[in-house]
Structures are given as structure tokens and as C-alpha cells.
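The values are calculated or read from the model by the stated rules, or taken from the named source; none is laboratory data. The structure presented is a predicted model; accordingly, all values stated were derived computationally and were not measured. Don't worry about glycine lacking a Cβ; one is built from the backbone with ideal geometry, like all the others, and counts go over all protein chains shown. Remember, those area values only see protein heavy atoms, side chains included, never the ligands or the DNA or RNA. Shrake-Rupley method; radii C 1.70, N 1.55, O 1.52, S 1.80 Å.
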Amino acid sequence: MFIRRFALAALAGVLIAGPAAAATELLNVSYDPTRELYQEYNAAFAKHWKSETGEEVTVKNSHGGSGKQGRSVIDGLRADVVTLALAGDIDQISSRSKLLPDNWQTRLPDNSTPYTSTIVFLVRKGNPKGIHDWADLTKEGVEVITPNPKTSGGARWNFLAAWAWAKKEYGSDEKAQAYVHDLYKRVPVLDTGARGSTITFVNNQLGDVLIAWENEAFLAKKEQGGDQLEIIVPSLSILAEPPVAVVDKVADRKGTRKVAEAYLQYLYSEEGQRIAARNFYRPRNEKVAAEFAQQFPKLELVTIDSAFDGWKSAQPKFFNDGGIFDQIYQGH
Amino acid sequence: MSRRTSPVIPGFGLTLGYTIVYLSLLVLIPLGAMFVHAAQLTWDQFWGIITAPRVLAALRLSFGTAFASAVINSVIGVLLAWVLVRYTFPGRKIIDAMIDLPFALPTAVAGIALTALYAPAGLIGSLLQPLGIKIAFTPLGITLALVFVTLPFVVRTVQPVLADIPKEIEEAAACLGAKPLQVFRYVLLPAILPAWLTGFALAFARGVGEYGSVIFIAGNMPMKTEILPLLIMVKLDQYDYTGATAIGVMMLVVSFILLLGINLLQRRIEHP
Amino acid sequence: MSTSNLPSLSAARRGSPWGRRILITATWIVFTLFLLLPLYIVLSEALKEGFGTFFSAIIEPDALSALKLTLIATGISLPLNVVFGVAAAWCVSKYEFRGKSILVTLIDLPFSVSPVIAGLVYVLLFGAQGLLGPWLQDHDIQIVFAVPGIVLATLFVTFPFVARELIPLMQEQGTQEEEAARLLGASGWQMFWHVTLPNIKWGLIYGVVLCNARAMGEFGAVSVVSGHIRGVTNTLPLHVEILYNEYNHVAAFSVASLLLALALLTLLFKQWSESRLTSQNSTRETH
């Protein structure tokens, strides 16, 4: 009897939980390292929206590997906005599910990327292996931690940053390939996501250097009390642009388009930019950038469009099945 | 089509019908969806996917570590079952109760805990590090995780059978001069063999598909420590649904054949 | 189990005291290495910062909503799988029919299907790109990335537990008692309630307990269909992963030990039902 009553109660719970989304609620489907950023930003936006319109809005977040998150949206996860690690994943949503138009990236300023980041190194206290630039990563006895580019967006930026440096340094695709080949031979664990790699490096104490998002490196340093880890900025890196977009069809269906658009636009406001900078993302807004100038060291950055002709050509060349990344492991 | 053994007991149609409907809705139709999806491939394409070097390497790893852990568990399992059935000692009840813990512990928690133990900086990993033994992020670590997850299978299948063997048989054999090993070989082994095999096969089948506990400790290196379920995830993350379902179908067929084999074997032993 | 260590036992069967000691020691070593140490890690990490942080991690709203979802999914899967388990065990153990081996194998199948596949098949069926996706969207029904998907995935992975526990038990018990009841004029339902159910009660409870443990702890399958929306589609195991990924290790292990406590409670209950089962069996034998 108890079981039956319990089942009924549970069933009732489901039925109530189902249509309860009547109050304005946004779902932001994002990638791994943005958890802290959006925790702070969601609260700020709710406050801003309340003071602007008097309406209550709560923003729910979902985090995971960028590719996995994109696929969930394609498979029906009802995201009002997506804030993913790379444009390629939003392109996939647009081309496979037609939930948003393929010119989505032109709808907001700066390639729809309100904040940027780059790829840096995190090493242990005192930099015992003397790592200063990409060349040092392939020195004898250095173990490198980076996630799997097949499943992690951040890992793809890592890979391309390494490639861009090697191509400039050694002058040809072949030599760049030899360099990344050498680099990935030193990776003992390929975690599925960027956060997994950070935990492997910081908590499980594996490896000598972690190739990471700049924001992720800052955050890991902060979480660990700051003195056990050091950030090393290489001579050249890539301008990582994690884009944002409203998922039109979902937002229209839920009737949340207005607030969803406002949610993304507020990211470009000074307040939004400051929250991004406080969470170690490089702000686009020049005034805010100047305020945080000390935090972000200057370095030479290539872009995905200039160095790799955009994600549409980089993805198949490097990361699809049989691409250059696969060749590293299959040549063995 | 039915041959009822006891015509007076009602409910055959009802229970069989319900079983088949429920089974179909929950298991067969969903699994069928995977076959439908994989059917978009021609046979050559399907074969090409499941014989790609990376898939074959994962196949070897998944089946190899699952087999190794099932073998280890066969030994440990019979040991535990024997000790729990035949000896009384302090803590026996606690051990007996906790054998099922790996079933009950969420696999992700198991994975995190095992990684914390066996990583180079972990409690056990740091002891083994100076000896040059690496466990986490190697096939050895995967095997250990699987030993943990599938530990209860052999114990729980062999235990009741051992408990049912009349003590007199062993005693008689021993009185007739059989050495302990001979008693085991000629008296116990034939009796527990079917249960032992069942436990082994269940542990093996479960091990091949295990994901949550393995993923943290595996290292996930292509060609080296990448397990089959992870490869499915990797394919999915590249939006390669057909590739993922092809591997899924292959794993499913293997599981089905394995289990069918066990069930037929059991029936043969029960009704010779 | 049997009380085999009475002093009246012959030395021949007990083997040498050395062999006995070695085996018991080996058991303790295996037990410590494989079961106690992981348990110790979870608890020690959880309590690293004292009971205060431990409890605040557990009563945090997201943790509570995850607990609620876990209980809902378990609460729905249990009764459904119990009814199925009894029906399946009934037709498999009381009758002979062609294709029985295949039926039993199919019932066992979810046991050995990779959790990843278990989740994937529901996405392929109910996802937006899936076979039924367009129809479901037209009718505004959401299954995957919502509570129904999580319930389905839980049902799938816990599918065989009750049936597997009952089939051997009912086979062993045979059909005489039921036949007798029928011959004495009992109706089908009367026979079931008054003869069969009391006989299988403790085995049934054992199956429910295992099913319950697995349902609360399932990670892989649920992870695929969840969508990981914090406070909405997170179960406790998924919440553990999220906390772990947020550098919040103490909270992660605190929630993990909550799950562990639920698991241990379940096991204690199981131990109790098992001892009832054995005592019940031995009384049946002596009568």
C-alpha cells in the first residue's frame, strides 16, 4: 500500500512539475568553464530585468562539454540561449536542426562573442620544468595535460594554438604536424572536458603543465589558494571566441524571445563586461578592458578566421574522423 | 505454442502477455530504434566503422579488461563465497552485507573515489609510484575499477550453491583420503561450476559496457585507454549518430549472444 | 547462512587451521582494499571541513531538488518493475513454452547493455531528431531532457532486478502448493495472494532492494537523457558530478555520502530480508 501511495505522490509530483514553467524562465545551455561566470551573471541579469521591466526572470543553466551540449540542443534540449565554446558547435545546431538561421553569428556585435579568452599554460609552483613557451612543452621529461579535442571545445582551441605557434616558428604544415604529434605523445590523460583536465592536473597532481583556457587557469589558481600554481603566457596564442546566440525557434515557442535577446545583449553592457572580466574572461568593451588591463597580459594572438579560415574548414581538417588529430594516434 | 506443465494454474496468458508488452515498450522498441538508425548504413559501411583501428583498439581494451576483471573476480568471488559460507569469524556479517555495495554505490562516485585512491598522488597510488607501478590511467586501472563494480556477481551466484552442498559429501571425500585440492576439484567444482560460469559471464557482460566508474580512471587515450562506451560518446559529440549506433549495435549483439549462451548452458545443466 | 563452525564438526572438513586463517585473512584484505577504502575516501573527503559544511551541502536547494528527482524516479520505477518482475517470473517459472530461453535472455539484456546505450536509445526514439521526435514536438510533449526521460532510463537499467531474483526462487518452489490451493477451490487471485505471495515475499523484497539501490545510483544512462539543468533535471549522482566539476569537492563527497547512506540503509534492509528468507526456508524444510 505504501508503495502505491508513494507512486501516486510521485506521479502527482511529475504532473505538477511539468507545466510549472509558466513564470518566465530561461535556459542557458553552456560549456564547462563558464559555471562561475553565469552563476554571477544570471543573478545580475535577473536584477537588471526586474528593474527595467518589473518582471521576474530566473535563468537556469546547463553545463557540459561543448559538443555534447550542442548535441543535446539538437536532440531537443529546450535552450533559449546557447553560450558555447566555439562557433562550430552552434553552426551544427543551425545546420542540423534549423533552430536558428545560419547567419546567427552576425546578429550580435564582435562575431557574437561578448567576451574572449586565450590559451595559456598552468604550471606548478616555481615552474620546476622551466616552461616559458610552446617549444618547452616538448622538452625531454615534460608531461602535458590537455583534454580530448574530439569531445572538448577548449581542447580544440588548445590544439589550434599549438599549431599556430608551430607553423609560425617552423614555417610549414608538415613541421607543425610533427610538433603537435610530439606534443600529444606527452599527454598521459585525455579527459573528455576542460574541467576534467584541470581537476586531473590540480587535484590528482598529474603532469607538469596544463594547457588551458586563460579563465580556467585563473580560476584554478584562485580555487587553490593562489600560491601552488603559476600561469605562464606563451609568446603566441589564439584568440578564443566563445560565441552566444538565441535559439530562435525554442525562444519563439516558449515566448521568451524578448528576454532571451535582452539576456545576451546585457552581456555587452558595462556591468555584464565587468562580470565577465571578474570571472577572468577578456572583455570586449574598451573602457572595462582598461580597468582590468593589469589582469590580462598582452600577447600576440591569431584568430580562427585569419589563421585557419574559420571553423567550417578547421573542424574537418583537424578534428573529424581521419583528420590530423586522429593521425597522431593511428600512425602509432 | 505453449506446453503447460500444470494446467490448473491460471494466468499464463495474462502474465506472458504483460511481460511481452512491457518488455517491448521499455526495452525492445527503444533498442529497435538503434537498429533502425544503424540500418541507414550499408553492410560495408557498418563493417568499416566497427573494424576501424581505433574501434578495434577500444574493442580489445573493453573486452580484455572486462575479461581480466571477470577472471580476477572469479577467484576473489569464490574465495569470498567460500569464507562467508563455511567460516564464522568476527566481521563476517558486515562483510556479507557490504558485498553488494558496488551495486548500490553510484558508479560516478565509485569512479571518483577509485581515482582518488589510485592516482599518483592518491592514498595507494603514492605508495606504488616509487615502485614504478602505475594504476590510474592505465588498463590496470580500468581493470581494477571493473573488479570493484562487478565484485558482487560471482559471490552472489556461487554463495547460495555452496551453502546448499551438504557438508557430509566433502567430509566423506576427506575421510576417504582426498586432499583439500582434490576435494575442491572433484567434489565442489562440478557443483558450483554452472553458478560460477554465470557469475563470470554476468561480470564480463557488465564490465564491457561499464561507463561511469571507468571514465574517471581510464585516461581516455585513443588506441590505448579508450573504452568502447567512451568511443560511442566521442562519436556522438561529433554528431556522428550512425557511427555511434553502429558500435552500439555491435556491443548489443555481443551482449545478447553472451547472455543467451549462459541461459542455454544453465538450462542444459538444470534439465540434462 | 549455515552455522558451520560448531565444535562438533569434524576436523577433516574444516581443513587445517592455517588454511582457514589464510583464507579469512585474504577475505579481509580483499574487503578492505576493494570495499572499505573507497568508502573511507568518500567519507573522509566529505567530513574534511567538519559536519557544518557537510550538512549545508546536503540541505542546499539544488541538492534537495536532486534528491527529490531521484526519489521520484525511484518511486515510479520500483512499483512498475515489481509488477513486471512478478508477472515475468510467473510465466517463466510456472509454465514450459518454446522461446523461453530467448525471453529470459531478453529480460536479462538491460543488465549488460552499456548505460550509455540505454540512454542513447531513448534519445534516438524520443529526441527532436528521433523517430517519434516530430510527433512529440507537435503535441508539445517532452520526454528526453525532462523528468519522463530520466524515469525511462531508470526503468531500463533496473528492469531485470526483481524478475532475476524471483525466477530461480519460484522455479525451486515448484507448483504443488498452488495446485493444491486451486484444487481446494481457490480462485486465481486468492491463490496468488494467499499462497504464492507469502512464499516469495522475502525474495521479492530482496529484488526490490537491489532495484532501489541501482535506481538511486544510476549515472551513465541518466546522464545521457538528463540535459544537466541545475535544479531541474539533476539527480543526486549527476549533482555529485556537477559539484565535483565546480571544485566543490567537499560538497561533492558530502552528497555522495548521502547516496552512500541511502545505499547502506538499503543493504541493511536487504540483510534483514535475507535472514528472514533463510529462516523462512528452513522452517519450510523442517515442516
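Observations
- Average accessible surface area per residue within segment C:34-172, 1.4 Å rolling probe, Å²: 34
- For segment C:133-211 and segment B:45-73, distance of Cα centres in Å: 34
- The charge dipole of segment A:194-332, taken about its Cα centre with unit charges on the Cβ of Lys, Arg, Asp and Glu (plus for the first two, minus for the last two), comes to roughly 560 debye.
- The B-C contact accounts for approximately 9300 Å² of buried accessible area, totalled over both chains at a 1.4 Å probe radius.
- Here the Karplus relation 6.51 cos²θ - 1.76 cosθ + 1.60, evaluated at θ = phi - 60°, turns the backbone of segment A:145-159 into coupling constants of 10, 8, x, 7, x, 5, 10, 10, x, x, 5, 5, 4, 4, 4 Hz, with x for every Gly and Pro.
- Segment B:118-169-segment A:108-153 distance, computed between alpha-carbon centres (Å): 37
- Counting lysine pairs in segment A:42-122 whose alpha carbons fall under 26 angstrom apart, excluding pairs fewer than 8 residues apart on the same chain, gives 5.
- Think of each Lys and Arg Cβ as +1 and each Asp and Glu Cβ as -1; about the Cα centre, that makes the dipole of the protein assembly as shown roughly 2300 debye.
- DSSP-defined beta bridges in chain A - what % are antiparallel, rounded to 5: 55
- Taking chain B as a Gaussian network of alpha-carbon nodes connected by springs under 10 Å, the highest mean-square fluctuation of the residues B:140, B:127, B:56 belongs to B:127.
- The C-A contact accounts for approximately 2700 Å² of buried accessible area, totalled over both chains at a 1.4 Å probe radius.
- Listed residues C:106, C:236, C:23, most fluctuating in chain C (Gaussian network, C-alpha, under 10 Å): C:23
- With at most 14 other Cβ atoms within 10 Å, longest stretch of chain C clear of loop trypsin sites (Lys or Arg not before Pro) (DSSP): C:99-287
- For segment B:21-172, the Cα-based Rg and Dmax, in that order, read 21.0, 63 Å.
- For the chain pair B and A, the buried solvent-accessible surface (1.4 Å probe, both sides summed) amounts to about 2300 Å².
- Between helix A:35-53 and chain A: long-axis angle, C-alpha atoms, 0 to 90°, nearest 10: 40
- Counting only whole DSSP H helices of chain B, the ones at least 20 Å long by C-alpha along their axis and with mean Kyte-Doolittle hydropathy no lower than -0.5 are B:53-86, B:151-164, B:189-209, B:241-270.
- Interchain or long-range residues, amide H under 5 Å from residue A:238's placed H: A:119, A:302
- Here the accessible area is traced with a 1.4 Å probe on the protein chains. For the protein assembly as shown, carbon and sulfur cover 63 percent of it.
- GNM on chain A, alpha-carbon springs under 10 angstrom: the most fluctuating residue among A:176, A:43, A:85 is A:43.
- Expected-Rg normalisation [2.2 N^0.38 Å, Cα atoms] applied to segment C:173-287: 1.59
- Axial C-alpha extent at least 24 Å, average Kyte-Doolittle at least 1.0 - helices from chain C (DSSP): C:61-94
- Inter-chain Cβ neighbour average for residues C:230-239, partner chain, 10 Å: 3
- Over chain A, accessible surface divided per residue gives 39 Å², non-protein components excluded, 1.4 Å probe.
- Three-way shape label, segment A:214-318, alpha-carbon gyration tensor, a/c 1.5: oblate
- Overall Cα dimensions of the protein assembly as shown, principal axis frame, Å, largest first: 90, 62, 60
- Relative to the longest principal axis of the Cα atoms of chain A, the long axis of helix A:87-97 makes an angle of roughly 50 degrees.
- Using alpha-carbon coordinates, inclination of helix A:257-266 to the longest axis of chain A, degrees: 40
- Per residue of B:240-251, other chain Cβ atoms within 10 Å of the residue Cβ number 3 on average.
- Tail fraction, Cα-Cα pairs, segment B:82-204, threshold 24 Å, whole percent: 47
- With the convex hull drawn over the C-alpha atoms of segment A:38-192, the volume per residue is 166 Å³.
- Proportion of all alpha-carbon pairs of chain C beyond 23 Å (%): 66
- When only the Cβ of Lys, Arg, Asp and Glu is charged (+1, +1, -1, -1), the dipole of segment A:18-148 relative to its Cα centre reaches about 220 debye.
- Overall form of chain B per C-alpha gyration tensor (a/c, 1.5; a/b vs b/c): oblate
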